Amino acid sequence: MISLYIHIPFCRSKCKYCDFLSFPNTEYINAYKRALLNEINAFDCENESIKSIFIGGGTPSVIDSSIIAEIMELTGKFNIEKNAEITIEANPGTLTLEKVKEYRKSGINRISMGLQAWQDSMLKTLGRIHTRESFLESYELTRKYFDNINIDLMFSLPNQSYEMWIETLENVTALKPQHISAYSLIVEEGTPFYDMELNLPDEETDRKMYHSAIKLLEEKGYRQYEISNFANGGFESVHNMVYWQRGAYKGFGLGAASFIDNVRYKNTESIKDYINGITVTEKEVLTKEDEMAEFMFLGLRMNKGVSLSQFNREFNEDMLYRYKDVIAKYKDYFVIDEDRLSLVTGGFDISNMIFSEMLS
């Protein structure tokens, strides 16, 4: 089985925190579409079934829905599983009734919508193009046609209080989406935020926001299944779990990554090269050490953790022996339950530290 990722790099305007490969210049849309369709058409996976498709960006919903329909029609040449999860990212302020209906008609069955914050003041600070009201309009429009909706949220934002974060969670859960992603803001180099003086919540408030989110969302029926992801039962993201479980995936489009047969590929990030037919520019064959490290730091992101027997089957090594020093050092943050090793919630707080030591 394999999953597909399709990158649409266009957006209406760049948010102040965004370091994704995207830009508001839409002059290349038609040329990009041709190059993207050519890349998809050239891919041969007739012996593989497709378990998920994710159309991300950028803001895929900013372009004409007929282009999305063309892309989906072309993916029909693949062996897509009957119940495959097919997601498109869609931002408030870019959705219309026509787009939503065409998405549904083309086979898309999941919408991932970026809200980020409930308060208009926060949205303006982030550089979002929408207001709370336009989000609510887009959400109500979407749920008439989709029964699998994710809402993306962010906390530890500039000038955001703990009370504002709780207000966001309370109002979003009242809408009853099937899935919620909640990420702590990371100020990345190269973004507008990086060069600004920001009034950010301190570390104690950040952790209070995170732990309160876990508690509140659980009370509202959302089970945490990964560090930043929460879902009603049965609505966990199939596509994201492919990444965390090191499943095979093929990425199409500008800068898209692929992982097939233990080899990682990366497409060019030059829009001019891409539309001229140059696609893959990087290739990396993983070593056994690379594979083991990925197995651990990706798998331990999930609440269920990693399987001891699977690690032994894949690498012919004892996981508990291989990482005995790190596990012993952070023994209060690990749980061993029969065949699985996992992190407790406090372990998620220091997961980056734990993972870096596993890599050393």
Residue pairs within 7 Å by beta carbon, gap of at least six or interchain, first lying in the range 216-232 and under 20 Å from Tyr162 (Cα atoms) and touching a residue at least 12 places away in the same chain (Cβ under 8 Å), second surrounded by fewer than 18 Cβ atoms within 10 Å (Cβ to Cβ) and among the small types (Gly, Ala, Ser), listed first then second, are Ile227/Ser351
Restricting attention to the range 101-110, does a residue exist that is modelled with pLDDT under 95 and open to solvent by 40 Å² or more (accessible area, probe 1.4 Å)?
-> no
What are the residue pairs meeting all of these: first residue in the range 170-183, first residue under 13 Å from Ile111 (Cβ atoms), second residue open to solvent by 30 Å² or more (accessible area, probe 1.4 Å) and assigned to a loop (DSSP other than H, G, I, E, B), Cβ atoms under 6 Å, and 6 or more apart or on different chains?
-> Gln178/Asn232; Gln178/Phe235; His179/Phe235
Cross-chain or 6+ apart pairs with Cβ under 7 Å, the range 341-355 first and touching a residue at least 24 places away in the same chain (Cβ under 8 Å), then among the small types (Gly, Ala, Ser) and crowded, with 19+ Cβ neighbours inside 10 Å | Leu341/Gly305; Ser342/Gly305; Leu343/Gly305; Ile354/Gly347
With the checklist (1) farther than 21 Å from Glu236 by Cα; (2) under 28 Å from the mean Cα position of the chain (by Cα); (3) in contact (Cβ under 8 Å) with a residue 24 or more places away in the chain in hand, flag the one item Lys329 doesn't pass.
-> (2)
How many of the residues making up the range 189-201 are within 14 Å of Cys15 (Cα to Cα), open to solvent by less than 90 Å² (accessible area, probe 1.4 Å) and either outside any loop (DSSP other than H, G, I, E, B) or modelled with pLDDT of 90 or more (or both)?
-> 2
Is it the case that some residue within the range 262-273 is free of Cβ contacts under 8 Å to residues at least 60 places away in the same chain, of a type outside the set (D, E, K, R), touching a helix residue (DSSP H, G or I) at 6+ places or on another chain (Cβ under 9 Å) and assigned to a helix (DSSP H, G or I)?
-> no
Could you check how many residues of the range 75-100 are surrounded by fewer than 18 Cβ atoms within 10 Å (Cβ to Cβ) and in a helix (DSSP H, G or I)?
-> 2
Going by the structure shown, is Asn171 under 19 Å from Glu89 (Cα atoms) and either modelled with pLDDT under 95 or out of contact with any strand residue (DSSP E or B) (no Cβ under 6 Å at 6 or more places or on another chain) (or both)?
-> no
Across the range 322-355, what is the total count of residues that are among the polar types (S, T, N, Q), more than 18 Å from Leu308 (Cα to Cα) and surrounded by 15 or more Cβ atoms within 10 Å (Cβ to Cβ)?
-> 1
Within the range 174-185, can one find any residue that is in contact with a Leu (Cβ under 9 Å, 6 or more places away or on another chain) and part of a helix (DSSP H, G or I)?
-> no
Of the conditions (1) within 26 Å of the chain's Cα centre (by Cα); (2) in a loop (DSSP other than H, G, I, E, B); (3) at pLDDT below 95, Met358 fails just one. Which one is it?
-> (2)
When only residues in the range 101-141 that are part of a loop (DSSP other than H, G, I, E, B) and of a type in the set (A, V, I, L, M, F, W, C) count, which is farthest from Arg12 (Cα to Cα)?
-> Ile108
Limited to the range 117-133, what total is found for residues that are more than 18 Å from Asn159 (Cα to Cα) and either open to solvent by less than 20 Å² (accessible area, probe 1.4 Å) or at pLDDT 95 or above (or both)?
-> 2
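The values are calculated or read from the model by the stated rules, or taken from the named source; none is laboratory data. All figures in this text were calculated on a predicted structure; none of them were measured in a lab. Every residue, glycine among them, receives a Cβ derived from its backbone with ideal geometry; neighbour counts consider all protein chains shown. The protein model used for the area step is the full one, side chains on, heavy atoms only, and it has no ligands, DNA or RNA in it. Shrake-Rupley method; radii C 1.70, N 1.55, O 1.52, S 1.80 Å.
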